[in-house]
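Asks: Take this structure, written in structure tokens, and hold onto it; I'll ask about it next.
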Amino acid sequence: MKISFDERELSGALLCGQLEVNNKPTLMRKTIAGKKNMLVIVDMVKGFCEFGALSSKRCKDAIPEIKRVAELMPDAEKVFVRDCHSEKSAEFGYFPKHCVGEESEIVSELLALGGVEVKKNSTDAFIQLLSARSNLLDYDNVFITGVCTDICVMQLALSVRAYISEFNGNGNVVVLTDAVETYDSPTHNADLYNMMAIKLMEQSGVLVFKRLA
């Protein structure tokens, strides 16, 4: 028997718009008190926020909150992860062509924050991040923001969490739900996929907060 369901009906039943997150003030104060923080801003590029086959207004709308977070953490090391493909990228076998040339540029509102840029040619930037920052174990907290929650953000967060745990590190991986977003389409209910990704990350040891302050 074939089982089917309507994603939007299900998301309503699950109260996706009222997502429960670990917004515990005491834990948050302890988390941001670390002396060495990294703020990773994932894929806030023109091809996802402004124009192109995979651009989305929901992704663009995340810009102000990410900028606010960065300004609240002036001493954190900032790392921009950029989807940056060639014309022959293997990803185009299962995703529409995207983030080639101008589409791979960081949006101007965030570029002004300054920081290290890391280019990636796949959905998971972990290898490139580790190559650029081999001292990941030295950070008290790695904050991950950006898009898309259920693809590049989640894959990076889980990879960093697993790496720190593998070497018995003490650092936290933190995701702020107000500073991540995904796209909406007839076959991809953004509220549902946001919720699923956030709960999967939380169950894997990623600390989840609604917002920084």
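None of the figures in this text is laboratory data; all of them are computed from the coordinates on show. Quick caveat: nothing in here was measured; it's all calculated off a predicted structure. Every residue, glycine as well, gets a Cβ built from its backbone with ideal geometry; the counts of neighbours run over all protein chains shown.
Asks: Taking every DSSP beta bridge with both residues inside the chain, roughly what % is antiparallel (nearest 5)?
Replies: On the way: 2 of 28 bridges.
DSSP beta bridges in the chain are roughly 5 percent antiparallel.
Asks: Between 46, 120, 88, which gets the highest mean-square fluctuation from a Gaussian network model of the chain, Cα cutoff 10 Å?
Replies: Ranking 46, 120, 88 by mean-square fluctuation puts 88 first.
Asks: Have a look at the chain and give its Rg and Dmax from the Cα atoms, expressed in angstrom.
Replies: Gyration radius and largest Cα-Cα distance of the chain: 16.8, 57 Å.
Asks: To continue, here is another question. Given the Cα-Cα distance of residue 91 and residue 123 and 0.36 nm per residue of separation, how much length would full extension add, in nm?
Replies: Numbers: separation 32, 0.36 × 32 = 11.52 nm, distance 0.86 nm.
Extra length from residue 91 to residue 123 when fully extended: 10.7 nm.
Asks: Would you mind finding the longest exposed-site-free stretch of the chain, with exposed chymotrypsin sites (Phe, Trp or Tyr not before Pro) meaning DSSP loop and at most 13 other Cβ atoms within 10 Å? Walk me through the numbers on the way to the answer.
Replies: Numbers: sites that count: 5, 51, 94, 167.
The reported range is 95-166.
Asks: Which whole-number percent gives the relative contact order of segment 35-209, counting Cα pairs below 8 Å spaced six or more residues apart? Let's see the in-between values first.
Replies: Details: 336 pairs, mean separation 45.6, N = 175.
Value for segment 35-209: 26 percent.
Asks: When the chain is modelled as a GNM with alpha-carbon springs shorter than 10 Å, which of 189, 121, 168 fluctuates the most?
Replies: Largest GNM mean-square fluctuation: 168.
Asks: So how much slack lies between residue 168 and residue 202, counting 0.36 nm per residue of separation and subtracting their Cα-Cα distance, in nm?
Replies: Details: separation 34, 0.36 × 34 = 12.24 nm, distance 1.86 nm.
Taking 0.36 nm per residue and subtracting the Cα distance, the gain is 10.4 nm.
Asks: Just how large is the dipole of the chain about the Cα centre, in debye to the nearest 20, putting +1 at every Lys and Arg Cβ and -1 at every Asp and Glu Cβ? Don't jump to the answer; show the numbers that get you there.
Replies: On the way: 24 positive and 29 negative charges, 100 e Å.
In total the dipole reaches around 480 debye.
Asks: How long is the gain from residue 187 to residue 68 if the chain were fully straight, where each residue apart is worth 0.36 nm and the alpha carbon distance is subtracted?
Replies: Details: separation 119, 0.36 × 119 = 42.84 nm, distance 3.12 nm.
This chain segment gains 39.7 nm when fully extended.
Asks: Please identify, among 125, 53, 190, the residue showing maximal mean-square fluctuation in a Gaussian network model of the chain using a 10 angstrom Cα cutoff.
Replies: 53
Asks: Report the label-to-label distance for residue 113 and residue 134 in nanometres (one decimal), using points 7 Å from each Cα along the Cα→Cβ vector.
Replies: Result for the modelled spin labels: 2.7 nm.
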